[in-house]
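**Student:** Here's a structure for you.
The values are calculated or read from the model by the stated rules, or taken from the named source; none is laboratory data. Quantities reported herein were computed from a predicted structural model and do not represent experimental measurements. FYI the Cβ positions are ideal-geometry reconstructions off the backbone, even for glycines, and counts take in every protein chain you see.
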Amino acid sequence: MKRIRGIFFSSLITAAFFLVSVNYAAAQNDILELVHRDIYIIAIPKKAGVEFDTSYLSQRQGIDSIRKAIEVIYAKSPFSVSKLEELKKNGTIVIAYDPGFQEGKIGNFALAAFFPDFYDAKAEDDGNNKRFVVKVGRHAVKWPKDELAMIIVHELVGHGIQRLKGHLEYIRELDLECAANLYGERFYQDIGIDKSSADVVKFSRELEDHWCSDFKNYMRARDQSLAAMWDVLNPDVPRLLAVFEDYVKQLREKGTSQKAISAANKMRRDKHRKWVGRVEAGGEAEEQYKLGISFREGLGVERDFKLALKWFQKSAEQGNADAQVQLADMHAKGQGTPENLVQAGFWLSLAAELHISGTTRKILAGERDSLLLKLTPADRDAIRKKVKSRIWNYRRLER
């Protein structure tokens with residue numbers, strides 16, 4: 001490893017979002033760099049005067065964690081490696097660890113992100129002008145290496161390849177996430193992950209029911225037999241991605257594609273109306289949560305924060321911790337309701353208590369503590385009492 005000051009190999013990061021301020025003290029103005037498998041891994045120092053409510057890795061520890069995750073990819077996922085090599089042939093890969101990334105955000109924890117602004121599609125193909133940059137925050141970098149590897153595959157392979165193909169210019173975020181999650185699905189297959197685990201089952205459901213819902217509708221409208229590709233434990237991802245390219249091509253065209261897209265949209269709307277009816281009749285917390293997501297993100301229906309809040313509230317009241325996180329985020333941001341940090345603090349505190357997953361619980365606890373510091377001692381005390389009472393009621397109902 002070596003330390004560099006001010007700029008990073010020529011002008012790669014000169015205007016970057018994570019460049020250290022020239023006002024920093026010299027000891028804090030060092031960016032640590034490691035080149036591993038022709039991938040630039042850099043670590044940004046913590047900004048002077050900024051404190052976190054959760055622990056974070058040092059620059060060297062962060063780089064080592066990312067390096068180990070890259071090794072998992074190269075050891076276990078030839079498919080992902082082939083895509084990384086394709087990105088290398090077309091430019092420079094940079095993975096940056098920044099402990100201050102997404103500081104204070106709740107609800108949707110941005111563990112890492114791909115930054116397309118560093119990619120210049122018009123630049124000469126000299127291997128230096130095209131950049132594929134991913135930023136990793138203090139939460140994700142502490143995850144087990146297999147899980148961190150999955151995050152890197154999703155952001156770097158999934159979004160990087162889509163950027164290389166130019167898809168970001170004309171398709172929606174929903175479709176981009178569909179493709180990125182398909183790359184993630186293949187990575188899960190390559191490492192032999194337990195498909196019956198709760199987290200992976202949730203990932204698979206969101207892949208099909210949310211991110212790839214329009215793509216699936218397109219496949220049904222085009223050829224009903226294509227829909228059967230999803231009806232297996234380990235779908236053929238390369239084949240799905242090949243069909244996805246046809247789907248993207250159709251999105252670009254306005255002639256023959258419009259009929260297929262209109263049919264997919266109609267099917268989606270009809271399906272969503274039937275879904276709302278089933279959820280209203282059944283009242284299952286998980287389905288209420290998914291319905292809330294659909295309204296908040298505009299998946300299969302027009303975005304409607306008030307309806308999203310309604311369904312998250314119903315699900316959260318039944319003890320769904322994911323819905324409680326969403327509800328907290330909406331109260332904090334004033335989406336569908338006036339901003340209310342006390343309500344946000346309550347639902348986030350309750351979610352932190354109910355989440356069983358160790359990693360997720362630590363993240364929620366850190367964000368909860370940060371939010372509670374903004375409230376008065378009286379409000380914090382009232383929230384703790386209310387959470388304790390709610391937990392007791394949940395436990396009583398489970399007996």
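**Student:** Determine if the stretch 165-185 includes at least one residue that is part of a helix (DSSP H, G or I) and of a type in the set (K, R). Explain how you work it out, then say what you get.
**Tutor:** Step one: filter the stretch 165-185 for residues part of a helix (DSSP H, G or I), giving 167-169, 173-185.
Filter once more, so that each one left must be of a type in the set (K, R): none.
Among the residues of the stretch 165-185, not one is part of a helix (DSSP H, G or I) and of a type in the set (K, R), which makes the answer no.
**Student:** Would you check if I363 is under 30 Å from W143 (Cα atoms), at pLDDT below 90 and not small (G, A, S)?
**Tutor:** In short, yes.
**Student:** Here's a follow-up. Which one of these is of a type in the set (D, E), farther than 18 Å from K145 by Cα and either surrounded by fewer than 19 Cβ atoms within 10 Å (Cβ to Cβ) or at pLDDT 95 or above (or both): E71, E124? Full working, then the answer.
**Tutor:** Details: E71 fails: farther than 18 Å from K145 by Cα.
Among E71, E124, only E124 is of a type in the set (D, E), farther than 18 Å from K145 by Cα and either surrounded by fewer than 19 Cβ atoms within 10 Å (Cβ to Cβ) or at pLDDT 95 or above (or both).
**Student:** Moving on. Scan the stretch 283-305 residue by residue and report those that are within 20 Å of K202 (Cβ to Cβ), out of contact with any His (no Cβ under 7 Å at 6 or more places or on another chain), assigned to a helix (DSSP H, G or I) and not polar (S, T, N, Q).
**Tutor:** A285, E286, E287, Y289, K290, L291, G292, F295, R296, E297
Listed here are the residues, each with its yes/no results for (1) part of a helix (DSSP H, G or I); (2) over 28 Å from G100 (Cα atoms); (3) modelled with pLDDT of 85 or more.
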site: A316; (1), (2), (3): yes, yes, yes
site: Q324; (1), (2), (3): yes, no, yes
site: A328; (1), (2), (3): yes, no, yes
site: A332; (1), (2), (3): yes, no, yes
site: I356; (1), (2), (3): no, no, no
site: L371; (1), (2), (3): yes, no, yes
site: R380; (1), (2), (3): yes, no, yes
site: V387; (1), (2), (3): yes, yes, yes
site: R395; (1), (2), (3): yes, yes, no
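**Student:** Mind counting the residues in the stretch 193-205 that are modelled with pLDDT of 90 or more, over 15 Å from V232 (Cα atoms) and either over 20 Å from the mean Cα position of the chain (by Cα) or loosely packed, with under 14 Cβ neighbours inside 10 Å (or both)?
**Tutor:** Residues meeting the conditions: 0.
**Student:** I'd like the full set of residues that are more than 25 Å from F132 (Cβ to Cβ) and among the polar types (S, T, N, Q), limited to the stretch 32-60.
**Tutor:** Passing the criteria: T54, S55, S58.
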